[in-house]
């Protein structure tokens with residue numbers, strides 16, 4: 001791996017800042033002052049010190065975030081709207097992370113963020129049918145007949161036939177849990193619209209086997225634990 005790419009991957013500098021530090025002789029590799037930003041290093045064995053700090057390289061990063069309302073699931077936004085990446089520390093913002101899938105701007109809850117493209121693609125593949133569980137609130141209480149229709153596969157207004165979805169209504173009120181095995185645009189809202197109902201609140205609480213950590217307030221995040229990551233890698 002190129003030295004400057006390694007420094008960027010460790011989240012301590014941009015590519016330009018890494019090159020500048022090398023030119024200032026502020027970077028050493030195995031105790032020797034680095035000669036060039038594009039010199040090749042072994043990311044698994046070489047010891048790199050950047051401006052006095054020994055770097056620790058982690059190839060893949062997985063983060064769990066409790067996405068707040070009004071924040072979009074993107075790496076950047078041309079209109080200047082805040083993204084999930086903006087909620088991370090600056091060092092992580094430098095690491096080319098991206099959201100694994102998307103939630104609507106007004107949907108809250110579990111968002112996975114990573115730099116591991118292959119696994120993210122696998123988890124999001126329509127062929128995998130990975131479960132996604134949401135807590136919902138609707139304008140009126142859902143009926144048993146509607147729950148049965150969702151379990152058979154609703155047909156949306158544009159003719160799209162949804163995969164079967166499991167809905168469990170709360171004993172009281174207009175809320176419940178819905179499990180999807182696909183992720184079409186505004187799907188839950190469109191499903192409820194097809195039943196002459198309306199979603200008034202939506203929060204993702206589970207993706208595959210990963211459940212939203214209840215200790216995370218909106219906007220807070222943590223790294224996935226090893227056992228959680230192992231569950232994802234089984235897909």
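Find the relative contact order for the chain and round it to a whole percent, using C-alpha pairs within less than 8 Å whose residues are 6+ positions apart. Walk me through the numbers before you get to the answer.
Details: 430 pairs, mean separation 45.6, N = 235.
Relative contact order of the chain: 19 percent.
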Original post:
Between 183, 219, 159, which gets the highest mean-square fluctuation from a Gaussian network model of the chain, Cα cutoff 10 Å?
Top reply: 159
Original post:
So which residue, out of 39, 191, 65, gets the largest mean-square fluctuation from a GNM of the chain using Cα contacts under 10 Å as springs?
Top reply: 39
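Can you give the extra length, in nm with one decimal, that the chain gains between residue 141 and residue 217 once fully stretched, where that is 0.36 nm per residue apart less the Cα-Cα distance? Could the numbers behind the result be given before it?
Numbers: separation 76, 0.36 × 76 = 27.36 nm, distance 2.78 nm.
Answer, rounded to one decimal: 24.6 nm.
Sum -39500 (n - 2.57) across every DSSP H segment of at least 4 residues in the chain, then divide by the residue count to get the 222 nm mean residue ellipticity, nearest 500.
On the way: 7 runs with 53 residues, N = 235.
Theoretical 222 nm ellipticity from helices: -6000 deg cm²/dmol.
Among 77, 226, rank each residue by its count of other Cβ atoms within 10 Å, from fewest to most, as a rough exposure measure. List each step's numbers first, then the result.
Details: 77 13, 226 7.
Least crowded to most crowded, the residues run 226, 77.
For the stretch 132-207, what does the alpha-carbon gyration tensor say about shape, rounded, prolate or oblate, given a ≥ b ≥ c as the root eigenvalues, a/c under 1.5 as rounded, and a/b over b/c as prolate?
Details: a/c = 1.45, a/b = 1.21, b/c = 1.20.
Judged from the Cα gyration tensor, the stretch 132-207 comes out rounded (a/c under 1.5).
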**OP:** Compare 130, 56, 84 in a GNM of the chain, Cα atoms joined below 10 Å, and give the one with the largest fluctuation.
**Re:** 56
Original post:
By count of other Cβ within 10 Å, fewest leading, how are 221, 62 ordered?
Top reply: 221, 62
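So how do 200, 114 line up by other beta-carbon neighbours within 10 Å, fewest first?
On the way: 200 13, 114 19.
In order of increasing Cβ crowding within 10 Å: 200, 114.
Over the stretch 3-54, what relative contact order in percent results from Cα pairs under 8 Å that are six or more residues apart? Could the numbers behind the result be given before it?
On the way: 60 pairs, mean separation 18.6, N = 52.
Reported relative contact order: 36 percent.
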Original post:
So what's the Cα pair-distance distribution over the chain, bin width 10 Å, in %?
Top reply: 7, 27, 27, 20, 10, 7, 2, 0
Subject >> Tail weight of P(r) past 12 Å, computed on alpha-carbon pairs of the stretch 3-54, percent >> reply: 56 percent
Subject >> Separation between Cα centres of the stretch 109-132 and the stretch 28-94, rounded to whole Å >> reply: 21 Å
Original post:
For residue 90 and residue 53 in the same chain, what is the full-extension length gain: residue separation times 0.36 nm, less their Cα-Cα distance, in nm?
Top reply: 11.6 nm
Original post:
Which whole-number percent gives the relative contact order of the stretch 132-207, counting Cα pairs below 8 Å spaced six or more residues apart?
Top reply: 47 percent
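Bear in mind these aren't lab numbers, they're just calculated from the coordinates by the rules spelled out. What you see is a predicted model, and the numbers here were worked out from it, not measured in a lab. Counting neighbours? That spans all protein chains shown, and the Cβs are built from the backbone with ideal geometry, glycine included.
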